[in-house]
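To start, the structure itself, in structure tokens.
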Amino acid sequence: MIISLEALETLVLVAMGVTCLSPIILIILLIRDWLKEELW
Amino acid sequence: MTKKTMAVFLFLLMFTSGALGNDQCGTMQCPLTLELKEGKDEIITSGHFNLIWPVKEALSKGEREDDGPGIADALVDDETHAATQLLIATDQSFSQVTHTIPIHSTKRKISLTGFSDGEYYARLFDGHNEPVSNTVKVKVKHHSMGRVWIIFTSGAVLFALLIAYMVAKVFRHKE
Amino acid sequence: MDYNPISINTALILLVIFGIVWIFFGWWLGRKNKTLDDFMLAGRNVGLAFAGATAMATWITSNTTLVAPQLTYELGIWGMVGYSLAALGLILFAPMAKRIKELMPEGYTCGDFIRVRYGKPAWIAFLIVSFCYAMGWLVSLGMAGGVLLDTLSGLNYKVGMTVILAICVSYTLLGGLRAVIATDYVQTIIIIVGVLIIGFVCYQSVGLESVYEFNKEKHPELLSLLFPAAMMFLFNNIFFGIGEIFHSNVWWSRALAFRPGIGKKAYLLSGFLWLPIPIVTGFVALAAPSLGLYPDSSDMVGPMVAAKLLGDIGAIFVFIVVFSALASSLDSLLAATSDLVTRDIYNGLIDKAASKEKLHKLSKLVILGLGVVTWILCLPKITTLGALLNFTGAFVASTIWPIVLGLYQRRMSGNFVTAAFVLGTTCGLIGYHMIGFYVAALFSCITSFVICMVGLIVKDDKFDWQRLKHMEKMQ
């Protein structure tokens with residue numbers, strides 16, 4: 001039983017999509033912490 | 001052991017070790033010795049194995065690649081060989097080739113993966129499709145599904161218990 | 001090896017640039033460190049952005065960038081998915097991070113917790129487990145750095161390994177946990193962007209359909225959902241990952257360093273953001289056979305594909321990404337292991353009355369010492385150290401249940417926990433030798449679980465949580 005192409009494609013695309021979000025989320029959080037002076 | 005018997009023993013050893021690498025390349029001794037890194041008679045249980053064809057002492061004066069002086073000195077292994085492809089077949093006569101893999105002239109080992117159950121034969125060939133190594137037989141036999149399901153299920157049960165405890169107690173915990 | 005994609009000069013220039021930037025950054029951040037709490041725990045007030053990024057970066061090690069492709073190459077789809085499920089360790093640790101901060105606001109290490117909660121025999125057993133694991137991880141990171149530089153540029157293994165270790169030791173020494181966390185943030189961004197570029201180029205230029213069709217014909221097991229070895233590996237890897245995170249001081253010291261209320265959010269965030277990364281780094285390996293690339297050894301498959309797809313630039317990318325991944329874990333491990341040696345071994349066993357100033361100075365010496373010991377252990381380049389790390393699965397998985405139950409069950413008793421550590425590890429090692437590496441963590445965890453359950457039924461310790469609040473000294 002092998003994985004279908006559609007399932008593999010969905011898996012990879014979702015993974016890439018979420019990974020794309022990571023730096024954006026981290027940068028927004030950094031700016032937010034910095035503005036609130038809560039970095040450290 | 002006397003010197004004479006020692007000499008006979010060494011002669012026999014040389015003779016038998018030559019005979020064990022039974023594949024000839026035409027009428028000549030093969031210039032490359034192909035080996036299964038996992039061990040000669042090892043049964044491959046994960047469909048993944050490594051083949052190696054180490055540098056032989058007598059052949060160490062091969063042509064050097066023009067890599068520029070600085071880098072060439074730093075390279076660990078830049079001895080070249082004649083092999084240009086590795087063929088893998090399901091029969092010893094290589095009439096049913098399943099994999100044709102290009103080989104760089106400095107490559108000395110290869111990691112192969114994803115093979116199903118069966119017997120495979122691997123051999124190195126040069127640019128004129130002439131063999132340049134012995135044939136290696138690789139037997140792939142994956143773990144039995146019975147054992148796999150026992151281990152998989154016990155892992156799943158323990159994991160379910162951990163998750164259940166974490167959800168019931170840890171995630172809902174109030175100080 | 002086929003060729004060296006980047007020249008030694010380029011590699012050296014990159015190393016010098018990275019070295020100068022990180023060490024300067026470490027020094028700049030370290031200026032604010034006045035006390036032991038500043039140095040060891042970054043002032044115990046780290047915000048969400050840094051907290052999330054540091055947890056993520058530390059969990060993205062050379063393993064994520066090198067071993068995730070390797071496991072995908074060897075074990076196919078389950079290898080890739082199984083590896084990404086190591087994120088469960090971070091996610092499940094999230095509520096525990098909150099609990100740890102609440103239970104022991106004055107604590108420094110996980111050793112502190114085990115000592116007060118379970119007593120001296122369990123503490124010693126735990127320190128042995130933890131120290132073996134930390135040294136195994138440190139050495140494998142140092143070695144990975146040397147091997148990577150050697151493969152990509154041909155730079156001598158010893159030179160590369162020494163330079164990477166020296167850079168990480170220097171900035172950890174100068175800046176303490178504050179430098180570790182801030183560099184982790186920058187390194188996380190670098191790693192993610194690099195991994196994404198490589199993944200995107202692979203997806204665009206090779207195409208998933210051709211990868212799929214090629215593997216279906218030539219390497220069908222890689223796409224199989226009933227791949228026997230991969231199925232056995234799945235839960236073992238999950239328990240290994242959970243054990244690594246639950247017991248290691250790397251994660252406990254962060255839980256204590258984060259501002260109150262931040263720990264849970266930070267670990268959840270980092271876990272969910274980490275989850276897809278091994279899939280992005282792993283799927284690149286599936287493309288290798290269809291590109292005609294079969295690596296010399298399977299752990300180099302990721303860098304090989306990247307170098308093939310992106311040329312020299314790709315190799316530089318891989319260099320930067322893996323270097324960042326290595327550094328972000330190496331620095332965290334140096335800092336956390338130094339805390340464990342300073343607090344638990346020195347302050348707990350040798351000089352129980354040591355002042356915080358003395359411990360502050362000592363922890364710097366310990367970082368330096370650990371760097372030197374790691375360097376010496378890395379020199380011979382024992383190639384089986386990757387296997388050694390798997391070997392530690394037997395050790396760390398025995399700690400999962402004792403830690404979880406110790407944090408939430410007053411009944412759990414120290415004697416049974418000591419037995420769980422010792423017998424769990426023993427059974428794990430037996431499984432490792434009798435069956436294979438893919439059952440070591442599982443056997444260890446099952447044994448430890450059974451002993452803990454018996455302990456819960458047989459004995460009630462009636463532990464007073466207040467004892468953790470004030471961090472009792474060793475009697």
(request) Go ahead and run the numbers for FRET between C:M453 and C:L225, Cβ-Cβ distance against an R0 of 35 Å, rounding to 0.05. (result) 0.60
(request) Would you please classify the overall shape of the protein assembly as shown from the alpha carbon gyration tensor, given that a ≥ b ≥ c denote the square roots of the eigenvalues, rounded means a/c under 1.5, and beyond that prolate means a/b larger than b/c while oblate covers the rest? (result) prolate
(message) At 7 Å along Cα-to-Cβ for each site, give me the label-to-label distance between C:L423 and A:I28 in nm.
(response) 5.0 nm
(message) Within the range C:61-85, name every residue whose backbone N is under 18 Å away from a label modeled 7 Å from Cα of B:S116 along the Cβ vector.
(response) C:75-78
(request) Filter the cross-link list C:K32/C:K356; B:K169/C:K120; C:K265/C:K356; B:K107/C:K218; B:K40/C:K216; C:K352/C:K459 down to pairs whose alpha-carbon distance in this structure exceeds 19 Å. (result) B:K169/C:K120; C:K265/C:K356; B:K107/C:K218; B:K40/C:K216; C:K352/C:K459
(request) Once you have a ≥ b ≥ c as the square roots of the Cα gyration tensor eigenvalues for the range C:1-52, tell me rounded if a/c is under 1.5, and otherwise prolate or oblate according to whether a/b is larger than b/c. (result) prolate
(request) Please give the average number of partner chain Cβ atoms lying within 10 Å of the Cβ of each residue in A:1-13, rounded to a whole number. (result) 6
(request) Enumerate the calculated ³J(HN,Hα) couplings along the range C:190-195 in order (Karplus 6.51 cos²θ - 1.76 cosθ + 1.60, θ = phi - 60°), each rounded to whole Hz, writing x wherever the residue is Gly or Pro. (result) 4, 4, 5, 4, x, 4
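Within 10 Å of each Cβ in peptide C:30-39, how many partner chain Cβ atoms are there on average? Round it to a whole number, please.
Neighbouring Cβ atoms belonging to other protein chains average 0 per residue here.
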(request) Could you list the residues of the range B:101-139 with an amide nitrogen less than 16 Å from a label point located 7 Å from the Cα of B:T84 in the Cα-to-C-beta direction? (result) B:101-107, B:124-133
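For a test of the definition: using alpha carbon positions, the gyration tensor, and the 1.5 limit on a/c, classify the range C:8-384 as rounded, prolate or oblate.
prolate
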(message) What distance in nm lies between label points placed 7 Å from Cα along the C-beta direction at B:T98 and A:M1?
(response) 2.3 nm
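Quantify how strongly other chains surround peptide C:208-220 by giving the mean number of their Cβ atoms within 10 Å of each of its Cβ atoms.
For this peptide, the per-residue mean of nearby foreign Cβ atoms is 4.
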(request) Tell me the GluC sites (Glu not before Pro) within the range C:74-115 that lie in a loop according to DSSP and have at most 14 other beta-carbon atoms within 10 Å. (result) C:E106
(message) On C-alpha positions alone, give me the angle between the axis of helix C:120-153 and the longest principal axis of chain C, in degrees, nearest 10.
(response) 20 degrees
(request) Relative to the longest principal axis of the C-alpha atoms of chain C, give the angle of the C-alpha long axis of helix C:301-339, reported between 0 and 90° and rounded to the nearest 10°. (result) 10 degrees
(request) Taking amide H positions as placed in the peptide plane 1.01 Å from N, state which residues far from C:F258 in sequence (5 or more) or on other chains have amide H under 5 Å from it. (result) C:V46
(message) Take B:S144 and C:K352, extend 7 Å from each Cα along the Cα→Cβ direction, and tell me the distance between the two endpoints in nm.
(response) 5.7 nm
(request) Let me have the 222 nm mean residue ellipticity of the protein assembly as shown computed from DSSP H runs of 4+ only, each contributing -39500 (n - 2.57), with the sum over all residues rounded to the nearest 500. (result) -21000 deg cm²/dmol
(message) Please list 3J(HN,Hα) in residue order for the range B:104-115, calculated via the Karplus relation 6.51 cos²θ - 1.76 cosθ + 1.60 where θ = phi - 60°; whole Hz, with x for glycine and proline.
(response) 6, 5, 10, 5, 10, 7, 8, 10, 10, 8, x, 8
(request) Could you sort C:362-375, C:190-203, B:29-42 so that the peptide with the highest average Cβ count within 10 Å comes first and the rest follow in order? (result) C:190-203, C:362-375, B:29-42
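All of the numbers you see were taken from the coordinates with simple rules; none came from a lab. Keep in mind the model is a prediction, meaning the values are calculated, not measured. Ideal geometry is used to build each Cβ from the backbone, glycine not excepted, and the neighbour counts take in all protein chains shown.
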